[in-house]
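Everything below concerns the one structure shown next.
The values are calculated or read from the model by the stated rules, or taken from the named source; none is laboratory data. What you see is a predicted model; the values in this text were computed from it and never measured. Note that each Cβ is placed from the backbone with ideal geometry, even for glycine, and that neighbours are counted across all protein chains shown.
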Number of protein chains: 2
Amino acid sequence: MPTREHILQAADQLFYERGFESTSFTNIADTVGISRGNFYHHFKSKDDILEAVIALRTERTQAMLDHWEAQGGTPEERIRCFIHILIANRTKIMAHGCPIGTLSSELAKLDHSLLAQATSLFTLFRAWLARQFVALGRKKDADTLAMHLLARSQGVATLANAFHDKAFVQSEVDQMNQWLAAIAAGKQ
Amino acid sequence: MPTREHILQAADQLFYERGFESTSFTNIADTVGISRGNFYHHFKSKDDILEAVIALRTERTQAMLDHWEAQGGTPEERIRCFIHILIANRTKIMAHGCPIGTLSSELAKLDHSLLAQATSLFTLFRAWLARQFVALGRKKDADTLAMHLLARSQGVATLANAFHDKAFVQSEVDQMNQWLAAIAAGKQ
DNA sequence: GTCTATACCTGGATAGAC
DNA sequence: GTCTATCCAGGTATAGAC
């Protein structure tokens, strides 16, 4: 793997696991197996790495959403894909929270200039979910429903991280799926 | 105000607004109006300050819960007090998130020894809410309902912080109150 | 109890040899 | 493209005068 990609991948993981601020160049250098001085051939600054990491996550997220869309299936099934992330990633979520939520929170506290770009990762999901709810016939409140579902998954991620409770995650996912089914059936 | 209390109050606020790690002794010293060297007469270390801040928050939270309990009223009204925090503190929440949720997330990433004590702040709410749901006749799933409500409020706090959307907070609070009313009426 | 001065370390970042 | 050596700012923490 090219060094630049290798740095990016290590930074992506470390920023998630330890947070942006508390991840040092030394940490990344040790992971990648290069010297600290070599960074600046590939990136201007630590913020420059963060920007590239956010871009990488944006790309991957968009690809995932496109994939869910391309698979065919009903809007309900697509939204279920979103809900299912909590199950698929639950081990990581219990250990480190949601990568988007925790990064946004951290950058908000740091008053960091890249906060808006981190938040736009949320917007990707928000807009995609809203489109699915429109397809379910909820044109008027599609965005409200999208935000509602986003909020519930964020809350589950935060408490899963705090309490490390697998059963709680499963229970909440079940409830979200029930809620979604009621929406799809026009009963809510 | 005694200097120790003054330091504590400033640290409490700064840890909330800027995060624990990125708050420096210089920040606190400037706020309080003392020199950096003077800290160590009152606290052993920065972690020692954090421990005292968590203890302070625990005390205040417990007092608030006791107050809600002492006011009389139905369990439903008490739980409504909890939900109402999102409205009462919405300006701060939109700016800095939930003080408990963001601290827990940060300490989890730092792998900090005081994480468990921060998480116990959640437990205070969790146990109190569960007791109210028991009083509502939901003995069997009281804790599940408590965690559900806690998760929803955490999710709202995270997204309110990301999107700075007052109307979203209000909409979610309304939905939580409706959900609660259905529970109280035995319809859920 | 509060101050100044300072030690010591680690952070990000730079210069220049190879 | 990668390294070593180094700089400088800022962090926590300590010593000791007042």
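Quick look at the numbers
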item	result
Failed item in (1) loosely packed, with under 13 Cβ neighbours inside 10 Å; (2) within 16 Å of DNA strand D (Cβ to nearest atom), with B:Ile49 passing the rest	(1)
B:Thr102 closer than 25 Å to B:Ser171 by Cα, surrounded by 15 or more Cβ atoms within 10 Å (Cβ to Cβ) and either within 15 Å of the chain's Cα centre (by Cα) or in the same structural domain as B:Glu172 (by TED's automatic domain parsing) (or both)	yes
Criterion (more than 8 Å from chain A (Cβ to nearest Cβ) and on the phi > 0 side of the Ramachandran plot) met by exactly one of B:Gly97, B:Gly186	B:Gly186
Selection from segment A:146-176 of residues that are surrounded by fewer than 18 Cβ atoms within 10 Å (Cβ to Cβ), among the polar types (S, T, N, Q) and within 9 Å of another protein chain (Cβ to nearest Cβ)	A:Ser171, A:Gln175
Out of A:Ile83, A:Ile93, A:Ile54, A:Ile87, sole residue that is away from DNA strand D (no atom under 16 Å from the Cβ), surrounded by 19 or more Cβ atoms within 10 Å (Cβ to Cβ) and under 27 Å from A:Val134 (Cβ atoms)	A:Ile83
Test: B:His84 is modelled with pLDDT of 95 or more and away from chain A (no Cβ under 11 Å)	yes
Among (1) within 8 Å of chain B (Cβ to nearest Cβ); (2) under 16 Å from B:Gly97 (Cα atoms) - the single one A:Ala116 does not satisfy	(1)
Any chance A:Ser22 is within 12 Å of DNA strand C (Cβ to nearest atom) and more than 30 Å from B:Thr119 (Cα to Cα)	no
Residue selected from segment B:9-24 under the condition near DNA strand D (Cβ under 10 Å from one of its atoms) and of a type in the set (Ser, Thr, Tyr), by the criterion farthest from the other protein chains (Cβ to nearest Cβ)	B:Ser24
Of all residues in segment B:25-61 being within 8 Å of DNA strand C (Cβ to nearest atom) and assigned to a helix (DSSP H, G or I), the one that is farthest from the other protein chains (Cβ to nearest Cβ)	B:His41
Odd one out for B:Gly72, checked against (1) surrounded by 13 or more Cβ atoms within 10 Å (Cβ to Cβ); (2) modelled with pLDDT under 95	(1)
Answer residue from segment B:109-145, given it is within 16 Å of A:Gly155 (Cα to Cα) and without any contact (Cβ under 8 Å) to a residue 12 or more places away in the chain and is surrounded by the most Cβ atoms within 10 Å (Cβ to Cβ) among those	B:Thr144
